[in-house]
1. Would a scan of region 148-168 turn up a residue that is in a helix (DSSP H, G or I) and either open to solvent by 20 Å² or more (accessible area, probe 1.4 Å) or out of contact with any helix residue (DSSP H, G or I) (no Cβ under 6 Å at 6 or more places or on another chain) (or both)?
2. Would you point out which residue out of Ser243, Ser233, Ser210, Ser272 is more than 29 Å from Asp176 (Cα to Cα), polar (S, T, N, Q), modelled with pLDDT under 95 and crowded, with 18+ Cβ neighbours inside 10 Å?
3. Just give me the residues in region 35-77 being touching a residue at least 60 places away in the same chain (Cβ under 8 Å), under 20 Å from the mean Cα position of the chain (by Cα) and in a strand (DSSP E or B), in sequence order.
4. Any residue in region 203-232 that's assigned to a helix (DSSP H, G or I): show its pairings with residues that are open to solvent by 40 Å² or more (accessible area, probe 1.4 Å) and aromatic (Phe, Trp, Tyr) at Cβ separation under 8 Å, as long as the two are six or more apart or on different chains.
5. Which one of these is open to solvent by 60 Å² or more (accessible area, probe 1.4 Å), out of contact with any strand residue (DSSP E or B) (no Cβ under 6 Å at 6 or more places or on another chain) and of a type in the set (Lys, Arg): Lys297, Lys266?
6. Taking Lys236 and the conditions (1) touching a residue at least 40 places away in the same chain (Cβ under 8 Å); (2) touching a Phe, Trp or Tyr at 6+ places or on another chain (Cβ under 6 Å), which numbered condition does it fall short on, given that it satisfies the others?
7. Name every residue in region 2-34 that is among the aliphatic types (A, V, I, L, M), modelled with pLDDT of 70 or more and outside any strand (DSSP E or B), in order of residue number.
8. Based on this model, can you work out whether Asp125 counts as at negative phi, without any contact (Cβ under 8 Å) to a residue 40 or more places away in the chain and over 28 Å from the mean Cα position of the chain (by Cα)?
Amino acid sequence: MSLTLLLLTTLLFQFKAAEGVEFDNNQFLIYNKVYHEARLTLFQDKSVGSYEHGLYKDQLWTLKPHPRQKGCYYLVNEEHPQYRLADSKHTLIAYNKHRYADQLFKLVDNNDGYYYIYNCYHTNDRIAKWGHENHKTGMYGKDKYPDQLWRLVPRFKANFFTDLVFHFDNRQGSTDIKREISVTTGVKRSSTETIRSKTTYSQSIEASLSGAIKMFNFGVTSKTEFSVELENSFSKTTESAWSKTEKITFTIPAGKNFKVMQHVVKFDGEFSADSCTLLTAIKIFESDTAEFDDPDKFIISSAGQ
């Protein structure tokens, strides 16, 4: 008999942004279709253009929904959060004062993973890029061309799986065995780098989770479990309190094959320092054989059950 502590990323599946994306209060890198490395950017001088090289937070945009104009969004920059995109007299700018209707944009799906980004006030105007240079980005209101199409890549991509926390095969044993195991729940980050805005960070995580859940046939219990644990973690004022680790003593009965499994959601960030993991409920499985039954469908399958 042997004691094994394994961290297995089994039964993994992902949601595709184009299929399970949640726009409201989510953050995106916005890539042009023709100039496929070019991302919509707000530069230090507050001019709007595009950039094809390194990833920076001034390329990250929050879609804030208008409370009354359904489908219309303010595009707010992460690095300069007081600035919103605007279509000022058919010119693409960033504006940081009063809110006007020309600061609202809507996404029109081209059904190929790309979107036209229309202004909600100048209704024919679309954001376009007509050359490699950073400044060749702006509004265009005439014929449609591919350089007016944009791909929205969410800040996070959610991966669900069921993790094996602990396994002990005591089928040949004649006495119960106790083992103390550390179990972590909550949100754990992969980096110690400071988060610039915990508000936009948590909102993007929540939007990513919401979009992913909509894609798969999770039961009500699992949906609630993920949402409640995430909300509880982000309600803590300090990042160090987003997760907690407890030592739990498990009793492995004589004659039983025993394992403990845990639901996990891994949030892979476009910025590597953003990535984090949500660890939620655990469940004990016991069996008289090498196989384990799962009548409650606790183990998440590729079909989302």
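1. Here is the first cut: in region 148-168, the residues in a helix (DSSP H, G or I) are 148.
In the following step, the residues that additionally are either open to solvent by 20 Å² or more (accessible area, probe 1.4 Å) or out of contact with any helix residue (DSSP H, G or I) (no Cβ under 6 Å at 6 or more places or on another chain) (or both) were identified as 148.
Yes, because at least one residue in region 148-168 is in a helix (DSSP H, G or I) and either open to solvent by 20 Å² or more (accessible area, probe 1.4 Å) or out of contact with any helix residue (DSSP H, G or I) (no Cβ under 6 Å at 6 or more places or on another chain) (or both).
2. Details: Ser243 fails: modelled with pLDDT under 95; Ser233 fails: modelled with pLDDT under 95; Ser272 fails: crowded, with 18+ Cβ neighbours inside 10 Å.
Every option except Ser210 fails the conditions.
3. The answer is Leu40, Leu60, Thr62.
4. From region 203-232, the pairs are Ala207/Phe23.
5. On the way: Lys266 fails: out of contact with any strand residue (DSSP E or B) (no Cβ under 6 Å at 6 or more places or on another chain).
Testing whether each residue is open to solvent by 60 Å² or more (accessible area, probe 1.4 Å), out of contact with any strand residue (DSSP E or B) (no Cβ under 6 Å at 6 or more places or on another chain) and of a type in the set (Lys, Arg) leaves just Lys297.
6. Checking Lys236 against (1) touching a residue at least 40 places away in the same chain (Cβ under 8 Å); (2) touching a Phe, Trp or Tyr at 6+ places or on another chain (Cβ under 6 Å), the one that fails is (1).
7. First pass over region 2-34, keeping only residues among the aliphatic types (A, V, I, L, M): 3, 5-8, 11-12, 17-18, 21, 29-30, 34.
Next, from what is left, pick out any that are modelled with pLDDT of 70 or more: 21, 29-30, 34.
Matches in region 2-34: Val21, Val34.
8. Details: at negative phi: yes; without any contact (Cβ under 8 Å) to a residue 40 or more places away in the chain: yes; over 28 Å from the mean Cα position of the chain (by Cα): yes.
Yes.
The values are calculated or read from the model by the stated rules, or taken from the named source; none is laboratory data. The model shown is predicted, which means the values in this text are computed figures rather than measured ones. Here Cβ is always computed from backbone atoms with ideal geometry, including for glycine, and neighbour counts include all displayed protein chains. With ligands, DNA and RNA removed, areas are computed over all heavy atoms of the protein, side chains included. Shrake-Rupley method; radii C 1.70, N 1.55, O 1.52, S 1.80 Å.
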